[in-house]
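J.: Please find one structure pasted underneath; my questions will follow.
No lab work stands behind these numbers, since they all come straight from the coordinates. Treat the numbers as computed from the prediction; the structure is a model and nothing was measured. Neighbour counts run over all protein chains shown; Cβ positions are idealised from the backbone, glycine included.
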Amino acid sequence: MSMNQRQRERLLQEITELAPQALLGSLSETYRRCGNRKCRCHADGPKHGPHLYLSYRGPAGKTTGYYVPEAAHAAARKGVEAWGRVQACLRQLGIANKEQVIPSKPRNQRKNILS
C-alpha cells in the first residue's frame, strides 16, 4: 500500500507534536510493606500503594527502574503513551519508505519468478 504525501506529512506532524512529551519505558504499579512492624500491611491488611515505577532498557542492555512521584503519574502515563504512538508512526513511515526504495511485486509475479 502506497502512502501519499498528505499522509506522510500528517505522520510527521504527529511525531513532531508527540516528541516533546514522549517517555521511553513501561510503567508498573507495586504494593509494598512499610517499615513499621505494627502496621496493618504486616498482618493481613492491604499493602501500601500503588507505587508507580518507570522501567526501560538502557544502552548497555540493563533494565533500569525509577520511582514516579504521585504528582507525576499523569505526565508519566501520557509520556509512555506518546512514546508508543511515536513508534507506531515511525513504523508506518519506515514501511512507506521501504516501498519507495524497494517496491513490492504483485503476488502473481512472485509465483512466476519462483517457477
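J.: Hey, rough spin-label estimate for Ala60 and Gln7, points 7 angstrom out along Cα→Cβ, what's it come to in nanometres?
T.: 4.3 nm
J.: For a quick check, take a GNM of the chain with Cα springs below 10 Å and name the residue from Pro50, Pro103, Pro59 with the largest mean-square fluctuation.
T.: Pro59
J.: How high is the FRET efficiency between Ile95 and Leu24 when r is their beta carbon distance and R₀ equals 25 Å, given to the nearest 0.05?
T.: 0.70
J.: Now for a different question. Can you tell me the Rg and the Dmax, both Å, for the Cα atoms in the chain?
T.: Final numbers for Rg and Dmax: 23.0, 77 Å.
J.: Mean-square fluctuation check for the chain, GNM, Cα pairs under 10 Å: which of Arg33, Arg91, Arg77 is largest?
T.: Ranking Arg33, Arg91, Arg77 by mean-square fluctuation puts Arg33 first.
J.: Still on this model: Report, in deg cm²/dmol and to the nearest 500, the calculated mean residue ellipticity at 222 nm for the chain, where each DSSP H run with n ≥ 4 adds -39500 (n - 2.57) and the sum is divided by the residue count.
T.: Mean residue ellipticity at 222 nm (helix-derived): -15000 deg cm²/dmol.
J.: I would also like to ask the following. Points 7 angstrom from Cα along the Cβ direction at Ala88 and Lys105: gap in nanometres?
T.: My value for the distance between the label points is 3.4 nm.
J.: Kindly state, to the nearest 0.05, the FRET efficiency for Glu14 paired with Arg40, given R0 = 41 Å and r defined as their beta-carbon distance.
T.: Step by step, r from the Cβ atoms, then E = 0.30.
J.: Report the net charge of residues surrounding Leu23, where surrounding means a beta-carbon distance below 15 angstrom and charges are Lys +1, Arg +1, Asp -1, Glu -1.
T.: Net charge in that neighbourhood comes out at +2.
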